[in-house]
Amino acid sequence: MTKRGLRAARRAMTGRDPGEPHRAATSLELLFDLCFVIAVAQASHGLGHAIAEGHHTTGVLRYAVVFFTVWWAWMNFTWLASAYDSDDVPYRLTVLLQIAGSLVLAAGVARAFADGDLLLITLGYLLLRTTLAALWLRVARSDPGHRRTALRFAGGVAVCQAGWVGLLFLPERAWPAGVVAMIIAETAVPVWAQAAGMTPWHPGHIAERYGLFLLIVLGESVAAAATAVREAFGQEHDSGALYALATGGLLTVFGMWWLYFARPARTLLAGTHRVNRRRFTWAYGHYLVFASAAAEGAGLAAYAQLLTGHGPAPTPAAGAAVTVPLAVFLITVWAVHIRPHRRGSAGEWGYPAVAAVLPGAAFLPAPALAAGLLSAALVVVVVVTDWVEPEHVGRGEGGPSAA
């Protein structure tokens, strides 16, 4: 095909080559991620504030719903762009509208945490998802081979958006059941749509996009904890406890990065390209990976506030806000990202082993330091095991840029 033909095909959103070499995230995708991190930061801040005030159950439930809307909008665009990034003017404008929707969604997070008001979040989500449906309609028009899939996506997204808007008109007591029903409907749409034919997504590109988003979320966790500790060090406090918190938080974030990128997602996804169940397990399981990574920062920030007298003295429940997110992160990364490689390395079993011990660390005087030391110990085990058993180790990514 000539260069002119290639440009015309991309403008028409006919689909990209899933084996395309050097497929990397675009500058528009990176801008998309950076704007989405604002919503992630707002959700993390809301959870941390709820924990500091002792509203653990309510805070976690609202965080789970808010983070789902952020992650789901991000994930759906990411998989569409992997297959149909045409980079023409209409595509760019549509994506910029999605970014505007993410900012509206972020603006509504505080209200959702304060009193459960979902109006502004729903409006932002409506803008995000309506523009996504428009892109799927472009795909349906441009790619006859995947028209049924694209129309199913567009129709499913539209029906779900009508459901979210309709939820606002129901009595408030009906919202919890309605939210659960809508989440089930949302997650069913890609499964139903892809049953009509798999889109030409790119394994290396998807691995890079997920890795980049994790780095952004981890960065937000570092920023949230660092801000809390920085403010705390300017006051009268127990500096030893804060040093332990800061050290443990840093070790934890470093460990989370190292352990996630210990195995290459690119090769795993390439092996599941035609296995829908395994692919969806990997993609959907990252909700817990991302949500727990952001929650770790919220827990560290809340614990710092409690140490400096912005509430009652830290309790095991506050300690659990630091240790449990890390446990969820490790067990989920192991289940969907490490174990499926089936390399039989003994170090792989350290993930669930450490995850099982972590909740108990909430009862220790310095839970963050204990969590950090446990994650660092797991890194050592994984590194040593890979060195002793090199036949189990493929070429790692070393970070998402190599995906």
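How many of the residues in the range 32-46 are hydrophobic (A, V, I, L, M, F, W, C) and either touching a Leu at 6+ places or on another chain (Cβ under 7 Å) or open to solvent by 10 Å² or more (accessible area, probe 1.4 Å) (or both)?
Residues that pass the stated criteria total 6.
Would you mind finding the one in LEU127, LEU123 that is touching a Leu at 6+ places or on another chain (Cβ under 7 Å), open to solvent by 10 Å² or more (accessible area, probe 1.4 Å) and not charged (D, E, K, R)?
The conditions single out LEU127.
Quick check: anything in the range 269-291 outside any loop (DSSP other than H, G, I, E, B), at pLDDT 85 or above and more than 30 Å from GLU20 (Cα to Cα)?
Yes, the range 269-291 has at least one match.
In the range 183-195, is there at least one residue being charged (D, E, K, R), touching a residue at least 60 places away in the same chain (Cβ under 8 Å) and farther than 27 Å from ASP88 by Cα?
yes
Just one of (1) open to solvent by 30 Å² or more (accessible area, probe 1.4 Å); (2) at pLDDT 90 or above trips up TRP349, so point out which.
Going through the list (1) open to solvent by 30 Å² or more (accessible area, probe 1.4 Å); (2) at pLDDT 90 or above, TRP349 breaks only (2).
When you go through (1) over 22 Å from ILE38 (Cα atoms); (2) buried (at least 22 other Cβ atoms within 10 Å of the Cβ); (3) more than 22 Å from the chain's Cα centre (by Cα) one by one for PHE363, which number turns out not to apply?
Result: PHE363 passes all but (2).
Do we find a residue being in contact with a helix residue (DSSP H, G or I) (Cβ under 7 Å, 6 or more places away or on another chain), of a type in the set (D, E, K, R) and at pLDDT 95 or above anywhere in the range 114-121?
no
Between a first residue in the range 55-75 that is more than 14 Å from VAL180 (Cα to Cα) and in contact (Cβ under 8 Å) with a residue 40 or more places away in the chain and a second residue that is part of a helix (DSSP H, G or I) and open to solvent by 40 Å² or more (accessible area, probe 1.4 Å), which pairs have beta carbons less than 7 Å apart while being 6 or more apart in sequence or on different chains?
Going by the 7 Å Cβ cut-off, the qualifying pairs are HIS56/ALA317; TRP71/TYR287.
In the list ALA140, ALA181, ALA158, ALA150, which residue meets the criterion of being hydrophobic (A, V, I, L, M, F, W, C) and more than 23 Å from TYR284 (Cβ to Cβ)?
That would be ALA140, the only listed residue that is hydrophobic (A, V, I, L, M, F, W, C) and more than 23 Å from TYR284 (Cβ to Cβ).
The values are calculated or read from the model by the stated rules, or taken from the named source; none is laboratory data. Predicted model only: the values in this text are computed from it and were never measured. Every residue, glycine as well, gets a Cβ built from its backbone with ideal geometry; the counts of neighbours run over all protein chains shown. Heavy atoms of the whole protein, side chains included, go into the accessibility calculation; ligands, DNA and RNA do not. Shrake-Rupley method; radii C 1.70, N 1.55, O 1.52, S 1.80 Å.
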